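S.K.: Below you will find the structure I want to go over with you.
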Amino acid sequence: MSTKPDQAAATYINGFNCAQAVFSTYAEEFGIDRTNALKISCGFGAGMGRRQEVCGAVSGAILLIGCKHGKTIREDNAANDLTYKLVRELSEKFIAKHGSISCKELLGCNLLTPEGQQFYKENNFRDCKCAPYVHDAAELAEAMLMKD
């Protein structure tokens with residue numbers, strides 16, 4: 001039986017972006033159906049619309065942390081503090097494993113250019129680089145979601 005991180009990686013390999021793959025795999029646990037989860041997380045792919053800022057898989061994981069722990073009452077600073085703590089922890093663990101949370105640094109090519117997109121495709125980054133990032137971000141998200 002496949003794990004949720006495996007399912008997230010498969011979602012990515014099957015054509016959704018990195019943020020969508022991580023977020024949609026767990027979103028139903030928070031009452032968000034798959035269709036809405038895919039829509040909510042779509043813009044975060046490739047480091048936010050191919051800007052290659054924070055890795056979309058990491059952004060998807062951060063969205064999940066917010067779904068569980070995010071502040072909903074103005075005075076609830078404890079929820080805010082916990083959310084930020086878990087986001088930092090997730091980021092630090094991802095950086096420890098992969099060296100960065102920057103999509104541009106992780107890929108080493110510019111996805112805003114046709115040449116960068118071609119390089120990404122020719123080198124099979126979807127399968128050999130990004131799918132493992134999706135898997136690892138989902139695994140880290142799962143660990144953060146188990147924390148109280």
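S.K.: I'd like to verify a number: residues in the stretch 101-148 that are in contact (Cβ under 8 Å) with a residue 24 or more places away in the chain and assigned to a loop (DSSP other than H, G, I, E, B), how many?
M.R.: 5
S.K.: Another question, then. Quick check on Glu92: is it charged (D, E, K, R), part of a helix (DSSP H, G or I) and either touching a strand residue (DSSP E or B) at 6+ places or on another chain (Cβ under 7 Å) or modelled with pLDDT of 95 or more (or both)?
M.R.: yes
S.K.: Okay, next question. Among the residues of the stretch 48-61, what is the count of those that are closer than 14 Å to Val134 by Cβ and either in a helix (DSSP H, G or I) or not hydrophobic (A, V, I, L, M, F, W, C) (or both)?
M.R.: 6
S.K.: Kindly provide the set of residues from the stretch 19-36 that are part of a helix (DSSP H, G or I) and hydrophobic (A, V, I, L, M, F, W, C), ordered by number.
M.R.: Ala19, Ala21, Val22, Phe23, Ala27, Phe30
S.K.: Scan the stretch 98-120 for residues that are closer than 13 Å to Ala46 by Cβ and out of contact with any Ser or Thr (no Cβ under 7 Å at 6 or more places or on another chain) and report the count. Full working, then the answer.
M.R.: Step one: filter the stretch 98-120 for residues closer than 13 Å to Ala46 by Cβ, giving 102-104, 106-107, 109-113, 116-117, 120.
Still in the list and also out of contact with any Ser or Thr (no Cβ under 7 Å at 6 or more places or on another chain): 102-104, 107, 109-113, 116-117, 120.
Count: 12.
S.K.: Next question, about the same structure. Residues Gly45, Gly15: which one is assigned to a loop (DSSP other than H, G, I, E, B) and closer than 17 Å to His135 by Cβ? Give the derivation first.
M.R.: Values: Gly45 fails: assigned to a loop (DSSP other than H, G, I, E, B).
None of the other options fit; the residue is Gly15.
S.K.: Another one. Within the group Ser41, Ser102, Ser91, Ser24, which residue is polar (S, T, N, Q) and closer than 19 Å to Lys147 by Cα? Before the answer, list the steps.
M.R.: On the way: Ser41 fails: closer than 19 Å to Lys147 by Cα; Ser102 fails: closer than 19 Å to Lys147 by Cα; Ser24 fails: closer than 19 Å to Lys147 by Cα.
Exactly one residue qualifies, and that residue is Ser91.
S.K.: In this structure, does Thr83 turn out to be of a type in the set (Ser, Thr, Tyr), touching a helix residue (DSSP H, G or I) at 6+ places or on another chain (Cβ under 8 Å) and without any contact (Cβ under 8 Å) to a residue 24 or more places away in the chain?
M.R.: yes
The values are calculated or read from the model by the stated rules, or taken from the named source; none is laboratory data. All of these numbers come straight from a predicted model, not from anything done at the bench. Neighbour counts run over all protein chains shown; Cβ positions are idealised from the backbone, glycine included.
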